[in-house]
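*Asks:* Below you'll find the structure I mean.
The values are calculated or read from the model by the stated rules, or taken from the named source; none is laboratory data. Model, not experiment: these values are computed from the prediction. Don't worry about glycine lacking a Cβ; one is built from the backbone with ideal geometry, like all the others, and counts go over all protein chains shown.
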Amino acid sequence: MQAIQFEQIGGPEVLKVVEVAKPAVGPGQLLVRNRFAGVNFIDTYFRSGVYPVTLPSSLGQEASGEVVEVGAGVEGFTAGDAVVYLGSSNTYAQYSLADATKAIKINTSVIPLDIAAAAFLQGLTALSLVTRSYAVKQGDWVLVQAGAGGTGRLLVQLAKHYGANVIATVSNEEKAAVARKAGADHIILYTQESVPESVKKIVEEGVHVVYDGVGQSTFDGSIQSLRRLGSMVSFGNASGTVPPVKLFDLTPKNLTLLRPSLYGYLVTEEERHRHLNELVELLAAKKLDIQVFKTYDLADAAQAHIDLQGRKTTGKLLLRID
Ligand code: NDP
């Protein structure tokens, strides 16, 4: 089968199409013929060495497709089922092994395979951030950094869904329109304005929570934008990793600081069942608008990374797998 792999850490150019053996299904697993794989910023961290990998390495944290084989001990799935699942750096490929506990069946006449792959990892992330890292309540003020991005657009929509007033930051006017369409009440062009100053003009006391996946370049402004007792949810490093934090910086406003990972919210069976089903129900009820920026061929994964890291995209990037 064809898969994307890299033999050395580096830029997008290290990604190559290779011929590898189709994996053999083991207990608790599904063998899936992938149709769409999601491209996520975390893929670029593995490729570029921000997060550790063993070389040669494959990539990809999510995909949708059809079950081909069901491993021993797996219940509730049969060959031919349409599924979407979280992978383990292995979904940029024609076939992947999926942990059955991180897969869910979908009715493709309600949720097409491309939408399922586009919504899965970022949707689960946004859902766990707004319900568990800080549970957004009616009337809260929420700041979403990079509000036109894949995860950002979903955070904006879900924060609105739970009744919040949402401020989104974006780098340009085109992205401002995307964030506004997702439901943001206020936009800050963080390439031109000071985020804390603009937040203060919108809501004098500051916001209840900041969801910040940008990291290094926005961290200080996020902290300054919070009100007393606010929550700083730092969940990513698109601009670089956040340097060590001085704990006393949290003291003047008695702030809460979190650095969550989606996977840390999907540890127990109850958590996986709840969040996966919650997301699929939101999608089936058309409560989330999923925007696919572009669908690239598997062989063009490097270009998808160039576009994502080049801040050229809004919403979701997908790989089509023939
Ligand atoms: P996005 O689609 O949001 O793309 C990243 C966006 O970040 C860009 O479009 C850009 O928007 C903004 N950005 C700001 N500064 C930079 C920079 N220097 N370089 C590149 N982009 C920059 O990506 P994802 O939705 O896939 O991921 C967003 C963040 O969420 C990432 O940090 C990712 O690691 C994190 N994440 C964390 C998870 C977790 O479990 N903790 C799970 C999923 C995602 P603009 O042009 O408007 O500035």
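*Asks:* Go through the stretch 146-176 and count every residue that is free of Cβ contacts under 8 Å to residues at least 60 places away in the same chain, more than 13 Å from the ligand (Cβ to nearest atom) and surrounded by fewer than 23 Cβ atoms within 10 Å (Cβ to Cβ).
*Replies:* 4
*Asks:* Shifting gears a bit: Spot the failing condition for ASP322; the list is (1) of a type outside the set (Val, Ile, Thr); (2) within 16 Å of the ligand (Cβ to nearest atom); (3) more than 14 Å from the chain's Cα centre (by Cα); (4) not in a helix (DSSP H, G or I), and only one is missed.
*Replies:* (2)
*Asks:* Output the qualifying pairs, or none if there are none: Cβ atoms under 9 angstrom, residues six or more apart or on different chains, first residue in the stretch 274-292 and among the small types (Gly, Ala, Ser), second residue surrounded by 15 or more Cβ atoms within 10 Å (Cβ to Cβ).
*Replies:* If the second residue must be surrounded by 15 or more Cβ atoms within 10 Å (Cβ to Cβ), the pairs left are ALA284/ILE106; ALA284/ILE111.
*Asks:* Consider the stretch 293-322. How many of its residues are without any contact (Cβ under 8 Å) to a residue 40 or more places away in the chain and basic (Lys, Arg)?
*Replies:* Matching residues across the stretch 293-322 total 2.
*Asks:* Starting from the stretch 132-145, keep only residues that are over 10 Å from ASN165 (Cβ atoms), then list their pairs with residues that are polar (S, T, N, Q) and at pLDDT below 95 whose Cβ atoms are within a distance under 6 Å, requiring at least 6 positions of separation or different chains.
*Replies:* Close Cβ pairs (under 6 Å, with a partner that is polar (S, T, N, Q) and at pLDDT below 95) do not exist here.
*Asks:* Restricting to the stretch 154-177, what's the tally of residues that are closer than 12 Å to THR313 by Cα and in contact with a helix residue (DSSP H, G or I) (Cβ under 7 Å, 6 or more places away or on another chain)?
*Replies:* Here the count works out to 1.
*Asks:* Ok, one more. Could you say which residue among LEU308, LEU250, LEU282, LEU255 is touching a strand residue (DSSP E or B) at 6+ places or on another chain (Cβ under 7 Å), more than 14 Å from the ligand (Cβ to nearest atom) and under 26 Å from ASP185 (Cα atoms)?
*Replies:* So the residue among LEU308, LEU250, LEU282, LEU255 that is touching a strand residue (DSSP E or B) at 6+ places or on another chain (Cβ under 7 Å), more than 14 Å from the ligand (Cβ to nearest atom) and under 26 Å from ASP185 (Cα atoms) is LEU255.
*Asks:* Now for a different question. Looking only at strands (runs of 3 or more DSSP E) that fall completely inside the stretch 135-237, which ones have 3 or more residues that are in contact with a Pro (Cβ under 9 Å, 6 or more places away or on another chain)?
*Replies:* Per the criteria, 226-234.
*Asks:* Follow-up. Select from the stretch 264-273 the residues that are surrounded by 13 or more Cβ atoms within 10 Å (Cβ to Cβ), free of Cβ contacts under 8 Å to residues at least 60 places away in the same chain and within 16 Å of the ligand (Cβ to nearest atom) and list them in ascending order.
*Replies:* Result: GLU271, single match.
*Asks:* In the stretch 12-60, which residues are part of a loop (DSSP other than H, G, I, E, B), more than 14 Å from ASN90 (Cα to Cα), within 16 Å of the ligand (Cβ to nearest atom) and in contact with a helix residue (DSSP H, G or I) (Cβ under 7 Å, 6 or more places away or on another chain)?
*Replies:* Residue satisfying the conditions is TYR51 alone.
Matching residues to (1) under 21 Å from the mean Cα position of the chain (by Cα); (2) acidic (Asp, Glu):
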| position | (1), (2) |
| --- | --- |
| GLU69 | no, yes |
| THR78 | no, no |
| GLY87 | yes, no |
| ILE106 | yes, no |
| ALA119 | yes, no |
| LYS137 | no, no |
| GLY147 | yes, no |
| THR151 | yes, no |
| ALA164 | yes, no |
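*Asks:* Could you run through the stretch 1-33 and say how many residues are polar (S, T, N, Q) and within 14 Å of ALA299 (Cα to Cα)?
*Replies:* Residues in the stretch 1-33 being polar (S, T, N, Q) and within 14 Å of ALA299 (Cα to Cα): 2 in total.
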